[in-house]
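Comments concern the structure below.
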Amino acid sequence: MGKACRSIQGRVLLLSLLFTALIALSVFVASLASLYRSTLRANAQSTEYNLQTLAHTLQQNVQEIDSLADWCTVNGTLRSYVFAVQPEAQLLNVYNTLLNKYSSQYTARYLMRVLVTDGSERMMQQGTAVAQSLPLESSQLGMLPGFADAGEDASWTMLADDPLLQHEPRQIIPVTRTMVNPSGTRRAVVYLAVSSRLITDALKDYALPEGCTLFWCMNGTVWRLDGGALQAADAAAFAAAGNTSLELLDPQTRVYAYGDELVLAYPLGAHGMYVAQTLPAPALRGQMPAMLMPLLWALAAILLLGAVLALLLRHMIAAPVQALQAQLQRIGGGDFSTNPAIEWDNEMGDIGRGINGLSQSVSTLMQKRLDDELQKKDLEYRMLQNQINPHFIYNTLNSIKWMATIQHAPGIAEMTMALSRLLKSVSKGNERLVPLQEEFALLNDYFTIQQYRYGGTITLDVAYIEDERLTQTCYIPRFTLQPLVENAIFHGIEPKGCAGSITLTVAHEAATGDVLIGLCDDGVGMTAEQAARALSEPGPEEEAAKFRHVGLWNVHRRLQYSFGERYGLTIRSTPGQGTTVEIRLPGDATKKGALP
C-alpha cells in the first residue's frame with residue numbers, strides 16, 4: 001500500500017479524490033457565503049432606500065421651518081415692530097402678518113412657539129402651545145431652551161422640555177435667528193420652538209422591520225425611537241464600521257457598528273442631522289433545509305466523477321509523463337535538440353510539441369539576444385548624440401540673446417529668451433498634464449514673440465481669475481492654450497487689418513465643480529456652421545478650407561482623451577464681432593484618473 005501511494009498512479013488517484021472533495025466542499029461553502037452576502041446586500045439596499053425616503057420628508061419640513069425663521073428676520077413689518085420708537089400703533093398689523101405667515105406653513109402644527117422679541121417689552125408670538133403655556137414675560141426668556149445662545153449657531157442642536165408647559169411637558173427643538181437694526185445698535189431674536197413630533201411622526205410611519213431599531217442623530221447626540229418617543233442612546237457605542245462590502249446605493253450613506261449590529265445612517269443634508277437604522281440579520285435558517293440535500297447530492301456526484309477520472313488518468317498518464325520528464329532533463333542539461341517521439345496524437349502530444357517548440361524558441365532567443373545587445377549599444381550611442389542637439393540650440397539662442405543685448409536690441413533678446421524657454425519645455429517636458437500656472441507661462445512666452453511680430457498691436461489680457469488656487473490645482477494638457485491664441489491671431493484678428501485684443505478668464509462652475517477657461521478675441525468672427533465644423537474631424541477636401549481653424553479639433557480631441565467626452569472646447573462666435581472659445585476642465589484632475 002505504501003509503495004502504491006508513492007507511485008505516480010497512486011498519487012494521481014489520491015490527489016484526484018482529495019481535489020474533488022475539496023471542490024465539493026468549496027461549492028457548498030461558497031453557496032452559503034453567496035446567499036448570505038446577497039441577502040445582507042438586499043437588506044442593506046432596502047434599508048438605505050427607506051432611509052432616503054424618510055430623510056427627504058424630514059429635510060423638506062426642516063427647510064420650511066428654516067425658511068420661516070429667515071423670513072421673520074427680513075420681514076419689514078416685524079423689523080419695524082421690534083425696532084420702531086412707537087410699536088403700539090403696529091400691534092394689530094404685526095399680529096396679522098405673523099399669524100398669516102404661520103398659518104400658511106405645512107409644518108404649522110409642529111411649531112409650538114414662533115416668537116419675535118427685542119428681549120424686553122416688545123414681544124409677538126404664535127404657535128400651537130401658546131394658549132396652554134404660562135404667560136411669557138421678558139424675565140422668563142432666558143428659561144427657553146437655546147434662547148441664550150441665539151447669537152450663535154444653536155439651531156437644530158438640542159432636544160429639551162419647554163419649561164412654560166408645566167401641565168404637559170413637551171420636548172422641543174429650538175431654532176433661532178438674530179436681527180440687528182441698520183445702525184447696529186439694537187438686537188432682536190427670532191425664536192421657534194419645534195415640537196419633537198416633527199421627528200417622531202415621520203419615524204412612526206416608517207416601515208421598521210421586526211427586531212430593528214430606528215435612531216435620530218443631531219449635533220453628535222443619538223436618540224432611539226421607543227414607544228413613539230425619542231429616548232437618549234449612547235452615542236459612544238456607535239463606531240465606524242470597517243470594510244462591510246454592502247454595495248450601497250449612495251456614497252453619502254454611513255455604516256456604523258452598534259454592538260454586534262450594523263447601522264446605516266443617511267443625512268438629511270442640513271444641520272448635520274441623520275436618520276439611522278440597524279440592519280436586520282439575513283434569515284438563512286429557513287433556507288438551509290432546501291439547500292442542504294441538493295448540495296449533498298452534488299457532493300456525492302463530484303466525488304464519484306473524481307474517482308472515475310483518477311482511474312482513467314492512472315492508465316493514460318504514466319508513460320507519457322516519464323518520456324516528457326526525460327526530454328526536460330535533456331533540455332536542463334543544455335541539449336536543445338527536438339525529440340519527435342514525444343509528439344503523440346493526443347493532449348500529451350501537444351505538450352510534447354510544446355516542449356520541442358520551446359527548445360527551438362530558446363535557441364532562437366539566444367541568438368536574438370546577441371543581436372539585441374548590438375542594437376542596444378547602437379541606440380544608446382544615438383541617444384547620447386541626440387542629447388547634444390538641444391544643448392547646441394540653447395547655447396546658440398543664448399549667444400543670440402547676449403549679442404542682441406550688447407547691440408541694444410532688447411526686443412530680439414526677449415524674443416530669443418521666450419523661444420528658448422518654449423524649446424526647452426518641448427524637449428524636456430515629460431508630463432502629459434501640467435498645472436494651469438505652468439501653461440500660462442508657456443502662453444506668455446509664445447505671446448511675447450507674437451507681440452514683437454505684430455508691433456504691439458495685439459494684446460493679451462487676463463481679465464478675471466475667480467480663485468488663484470485654480471491655477472495650481474487644475475491641470476491641463478501641455479500646449480493647449482497656445483494653438484487657441486494662434487488661431488485667434490491668424491484667423492480672427494489679422495484678417496480685419498487693425499489692432500486687436502484677446503482676453504482670458506478662469507472661473508469655477510459651482511454646479512459641476514468644473515473649471516471654465518474663456519479666450520475671447522475681437523476679430524472677424526465666424527458663422528455658426530463654421531464654428532461647428534471647426535470642432536469636427538476634417539475630411540481630405542476640408543483640410544485647406546479657410547474656415548478650418550488650425551489646431552482646434554486637435555486640442556478638442558486631446559482634452560476629451562485626457563478627461564472624458566463631457567470636457568473639451570465650445571465655440572461661440574458672431575461674424576464681424578469676435579469669437580469666444582470656452583475650455584471645460586475637471587476641477588480636480590486627480591479624482592478623474594486623468595493624471596499620468
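Cα centroid distance between the stretch 485-525 and the stretch 36-105, in Å?
46 Å
Which GluC sites (Glu not before Pro) from the stretch 448-503 combine a DSSP loop assignment with at most 12 other Cβ atoms within 10 Å? All intermediate terms of the calculation are to be shown ahead of the outcome.
On the way: sites: 466, 468, 486; in loops: 466, 468.
Answer by residue number: 468.
In terms of modelled amide H atoms, which long-range or inter-chain residues lie less than 5 Å from the amide H of residue 568?
Amide H to amide H, under 5 Å and 5 or more residues apart or across chains, residue 568 pairs with 584.
Which percent of the accessible heavy-atom area of the stretch 62-198 goes to carbon and sulfur, probe 1.4 angstrom?
After summing per-atom areas, the C and S share lands at 49 percent.
Residue-wise, which Karplus ³J(HN,Hα) couplings in Hz belong to the stretch 226-232, taking 6.51 cos²θ - 1.76 cosθ + 1.60, θ = phi - 60°, and x for glycine or proline?
Residue by residue, the stretch 226-232 yields 9, x, x, 10, 8, 10, 4 Hz.
Stretch residue 512-residue 362 to full length: gain in nm at 0.36 nm per residue minus the Cα-Cα span? Spell out each step's value before the answer.
Details: separation 150, 0.36 × 150 = 54.00 nm, distance 5.68 nm.
The residue 512-residue 362 span can extend by a further 48.3 nm.
In terms of modelled amide H atoms, which long-range or inter-chain residues lie less than 5 Å from the amide H of residue 475?
Sorted by chain and number, the residues that satisfy this are 589.
Give the separation of the Cα centroids, the stretch 181-213 to the stretch 221-235, in Å.
Comparing the Cα centres of the stretch 181-213 and the stretch 221-235, I get a distance of 15 Å.
Listed highest first by mean packing, meaning other Cβ atoms within 10 Å per residue, what order do 515-524, 61-70 come in?
The densest-packed peptide leads the list: 515-524, 61-70.
Heavy atoms only, 1.4 Å probe, whole protein assembly: order 165, 208 by accessible area, highest first. Show your work: numbers first, answer last.
Values: 165 10, 208 70 Å².
Largest accessible area first, the list is 208, 165.
Distance in nm between label sites at residue 317 and residue 137, each 7 Å beyond Cα in the beta-carbon direction?
10.0 nm
Just the accessible area for residue 364, please: 1.4 Å probe, Å², rounded to the nearest 10?
Near enough 90 Å² of accessible area.
The values are calculated or read from the model by the stated rules, or taken from the named source; none is laboratory data. Keep in mind that this is a model prediction, so the values were computed, not measured. For neighbour counting, all protein chains shown are included, and Cβ atoms are generated from backbone atoms with ideal geometry for every residue, glycine included. For accessibility, only protein heavy atoms count, side chains too; no ligands or nucleic acids. Shrake-Rupley method; radii C 1.70, N 1.55, O 1.52, S 1.80 Å.
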